[in-house]
1. Against the condition surrounded by 10 or more Cβ atoms within 10 Å (Cβ to Cβ), of a type in the set (Gly, Ala, Ser), assigned to a helix (DSSP H, G or I) and modelled with pLDDT of 85 or more, how does residue 10 come out, does it pass?
2. Just give me the residues in segment 18-40 being crowded, with 16+ Cβ neighbours inside 10 Å and either of a type in the set (Gly, Ala, Ser) or under 13 Å from residue 60 (Cβ atoms) (or both), in sequence order.
3. Please determine whether any residue of segment 27-35 is part of a loop (DSSP other than H, G, I, E, B), within 17 Å of residue 65 (Cβ to Cβ) and among the small types (Gly, Ala, Ser).
Amino acid sequence: MDLRSTVKVATWNVLTLSRTGYQVALSREMARHGLDIVGLTEARITDSGRYDVEDALLLHSGATTLVHGSH
């Protein structure tokens, strides 16, 4: 099995996913681009956890509070 042809991986600097609808938009963009795994920076989601968002699984680990808009 050649994983390079079956798994698409990307990285995105999203600036925030904490606003209403942003996680759904991310899930839809992943599907539109055919991406399987995406590493995100600056998501600005507090605490750690896991969410099912449409067809995507969002795993995150962040600070417990926001300071001046960032962790």
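1. Here the answer is no, as residue 10 does not meet what is asked.
2. Of everything in segment 18-40, those that are crowded, with 16+ Cβ neighbours inside 10 Å and either of a type in the set (Gly, Ala, Ser) or under 13 Å from residue 60 (Cβ atoms) (or both) turn out to be 22, 23, 26, 27, 38, 40.
3. No, because not a single residue in segment 27-35 is part of a loop (DSSP other than H, G, I, E, B), within 17 Å of residue 65 (Cβ to Cβ) and among the small types (Gly, Ala, Ser).
The values are calculated or read from the model by the stated rules, or taken from the named source; none is laboratory data. Source: prediction; values computed, not measured. Neighbour counts are summed over all protein chains in view; Cβ atoms, including those assigned to glycine, are modelled from backbone coordinates with ideal geometry.
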